[in-house]
Amino acid sequence: MNEQLRINPDAYTRPVSADDRREYGHDSSPLAWIVAGITFVVLTLLLGSLFLLAGNRLWPWLLAAGIAAAVSITTLVFMVLPDKRGIRSRRFAAEHGFVYALSTGGSGMQGVLFEGGTKRHTKHAFSLPGGVVVSDFEFEPSGSNATVTWRYIELPLPRMLPHLVLDATSNNGLFGTNLPQWLAQSQRISLEGDFNQHFALYAPRGYDFDVRYLLPPDSMALLIDNLAQFDVEFFGDRMRIVTKGGWPHDDPQTWQFVEWVVNVLWPHFWQSTIRYEDARAHHLQQPVRRAETQAAPAPGDDQDPVERFREQWERGEHMSANAHAAPSSAGSVAPSGRKLSRSPWKTVLSAVASITMVVVLSVLWFLNR
């Protein structure tokens, strides 16, 4: 029987002990006292000198010392105050054999859901055995200083797949899709049943048959019943489920959902994609994927790495502590299927809206002269 992922979220609700602070926190107490002392002395001298301009009296120094003390104490509190969320996250990761990173660069992430905007980075990222990632993703949309947060789960798959996006209709806004980039409508594909009421499916032109192979009726039902609030993207050998807002780590339902994704959704799509081949790419050389992270095969070991990982899965070894690296994927996709085409209309409409606003403001200014 396959080993099932079991997550106990108690690490997020248990009190943070002194031992937890020492093991999972960052001891900045000596530095904090030094910074607070320097702050107090500098502010006292500076403010006291300025206040003395009002006259040679005692109260300017007392006022300066009071202000300096308030600022210094505030500095001390914030530097010594333990980062309880960080401590709990590191404690939670250690208890489950996960790897936790507060923030990492996200500029190299690809796909419709991750390429737009600036200042892109992941936050509160958990790496699970088998190459699964549970993380937040933050960025600033183009032309805006507001930070947008997405939450996502990334699953490795055994084959390189064509670029697919399933845009959930339930999380659309007033003006339609919530995707950071608009896709060309000529790439939209309709599937059977009521699937189109829940997702707008985009695939490279000419991949209609491939989509129906990769998303058979049981897969469509699984997505409709459980991921109607999430956008789904297949890019390369990765499947990502994404929606707006950060993960509430202290909510047990978050980790129950992660368990379901790892124990049910991931095996389902692993099995449904393991035999996929892009007939258009037979003439292409199979790419080397993550070769630097894979151990060299033993002499005479020519077993397919995907088949080896399948056997590990059946033995329950895919969730072992040393299985953080995802297995090498196989196959290749023709250039025409690797990336969806973007629609220019979002850029055009943004430009029209900006020009319209400038014209309206100019007319109002002229009328009020």
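The values are calculated or read from the model by the stated rules, or taken from the named source; none is laboratory data. Keep in mind that this is a model prediction, so the values were computed, not measured. When we count neighbours, we look across all protein chains shown, and the Cβ atoms used for this are built from the backbone with ideal geometry, even at glycine. We work out accessible area using only protein heavy atoms, side chains counted, and drop any ligands, DNA or RNA first. Shrake-Rupley method; radii C 1.70, N 1.55, O 1.52, S 1.80 Å.
Numbers below:
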read-out: R0 of 25 Å, Cβ-Cβ distance residue 146-residue 102: FRET efficiency to nearest 0.05; value: 0.70
read-out: Sorted peptide list for 257-263, 218-224, criterion being average Cβ within 10 angstrom, highest first; value: 257-263, 218-224
read-out: Per residue, in Å², the accessible surface of the stretch 173-238 once ligands and nucleic acids are set aside, probe 1.4 Å; value: 45
read-out: The stretch 82-204 - percent of accessible surface contributed by carbon and sulfur, probe 1.4 Å; value: 50
read-out: Computed label-point distance, nm, for sites residue 170 and residue 251 using a 7 Å Cα→Cβ extension; value: 1.3
read-out: Point-to-point label distance, residue 213-residue 225, nm (Cα→Cβ direction, 7 Å offset); value: 2.6
read-out: Length added when fully stretched, residue 95-residue 264, from 0.36 nm per residue minus Cα-Cα; value: 58.6 nm
read-out: Projected label distance in nm at residue 19 and residue 279, using a 7 Å step from Cα toward the beta-carbon; value: 6.3
read-out: Nearest-0.05 FRET efficiency for residue 271 and residue 121, computed from C-beta distance (R0 35 Å); value: 0.55
